[in-house]
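The values are calculated or read from the model by the stated rules, or taken from the named source; none is laboratory data. This one's a predicted model, so the numbers in the text were calculated from it and none came from an experiment. Cβ placement follows ideal geometry from the backbone for every residue including glycine, while neighbour counts extend to all protein chains displayed.
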Amino acid sequence: MVFELTADSGHEQVSYFTDPETGLRAIVAIHDTSLGPSLGGTRIFDYDTEDDALADVCRLSQAMTYKAAAADLPLGGGKAVIVGDPPAIKTEALLEAYGRAIDCLGGRYITSVDVNSSVEDMDVIAQTTDSVVGTSDGLGDPSPITAHGAFHGIRACAEAVYGTGSLSDREVVIQGLGKVGRSLAEELLAEGAAVTVSDIDADAVEAFARDHDVETVAPEAVYERDCDVFAPCAVGGVVNDDTIPTLECDIVAGAANNVLAERRHANELRDRGVLYAPDYVLNAGGLITVAKEHLGGTREEAYDEAAAIGDRLLELIERADDRGTTVLDAADAYAEERIDGAETTLASSA
């Protein structure tokens, strides 16, 4: 499966690492380094099978290539997974061993936080490698910057659909009140939007609604809630064959990764007259933040570049309209143009 999967997805390198003493089992996937070293988080997860872990890390690393390219960053795409139950396996010794594994890649892969890995974990990893960002002495939590980019992306969508980027009195339903969803909701409220929130954590929803005087909707009813913008900010795959027929919105634009269950769902949304903003364009603020940390920039610069996501999205919407494609197709084409251009430049200088 390894050779077939990596060849089909165009990966440059997939490396397996084990450390019997600490129990480390990790896979690092480097998808493309045409634009620069690959950067992507380390996910710690108890996968059912090794094949599941490989499929996930390859899918995620390929998405990082497109995210970095579409954001005009001088970076490639990579991702890593550590296999196992996080509370059971995550020790300082294992993270130090993982850092040594990353270090042997010679800077081709730079890691950061992801699902079940934290800033504190990056601090431990940094003891054995310099190929890490997102540490406590870096640029801090990227969640508000991710939300800031998503906010400007939603404004761009509103401009394309309604002729104005103002979100005043626009109905926005946010699915997921994690760090990003909460920050996005607060920024939308400050803009005058009418925000409705939903989360499987009923206590979090109740507390947020009480503090901000917003409406709530049960998780099972969130897709059919009548609104202008549906913003998924939790798990992926929520736009699928079951939910698309129930959607009552003009725009789908959220910060969750892999919002679409399958690529064809972008076409189905377009056929229904719903504008879909590709998630890897909209949620690039987090990557922009850690890229700034790696390249020596500031948090303020990261905020500014995240705000420019709105301009990039308007450009992609225009491209899609001109070519009669989905915005996802336009985003992919833009990213591939940047990657192909870098490869051509590299070949001509060789």
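The criterion of at least 3 residues that are under 18 Å from Asn258 (Cβ atoms) and touching a Lys or Arg at 6+ places or on another chain (Cβ under 7 Å) is met by the following helices (runs of 4 or more DSSP H) wholly inside the stretch 1-107: 50-70.
Does Ala88 meet the test of being among the aliphatic types (A, V, I, L, M), more than 17 Å from Gly236 (Cβ to Cβ) and surrounded by fewer than 15 Cβ atoms within 10 Å (Cβ to Cβ)? In short, yes. Would you mind finding the one in Val290, Val281 that is buried (at least 24 other Cβ atoms within 10 Å of the Cβ), in a helix (DSSP H, G or I) and at pLDDT below 95? Val290 is the lone residue from the list that is buried (at least 24 other Cβ atoms within 10 Å of the Cβ), in a helix (DSSP H, G or I) and at pLDDT below 95.
Screening Arg210 against (1) more than 24 Å from Ile145 (Cα to Cα); (2) touching a Ser or Thr at 6+ places or on another chain (Cβ under 9 Å) leaves a single unmet condition, (2).
The residue that is nearest to Glu248 (Cα to Cα), among those in the stretch 168-189 that are of a type in the set (Asp, Glu), out of contact with any Phe, Trp or Tyr (no Cβ under 7 Å at 6 or more places or on another chain) and not in a loop (DSSP other than H, G, I, E, B), is Glu171.
Any idea which of Thr33, Thr6, Thr18, Thr49 is more than 20 Å from Pro278 (Cβ to Cβ) and modelled with pLDDT under 95? Within the list Thr33, Thr6, Thr18, Thr49, the selection yields Thr6. Within the stretch 134-167, the only residue that satisfies the criterion of being in a loop (DSSP other than H, G, I, E, B), modelled with pLDDT of 95 or more and over 18 Å from Ala190 (Cβ atoms) is Gly163. If you check Tyr334, Tyr223 for being under 19 Å from Ala185 (Cα atoms) and crowded, with 16+ Cβ neighbours inside 10 Å, only one passes: Tyr223.
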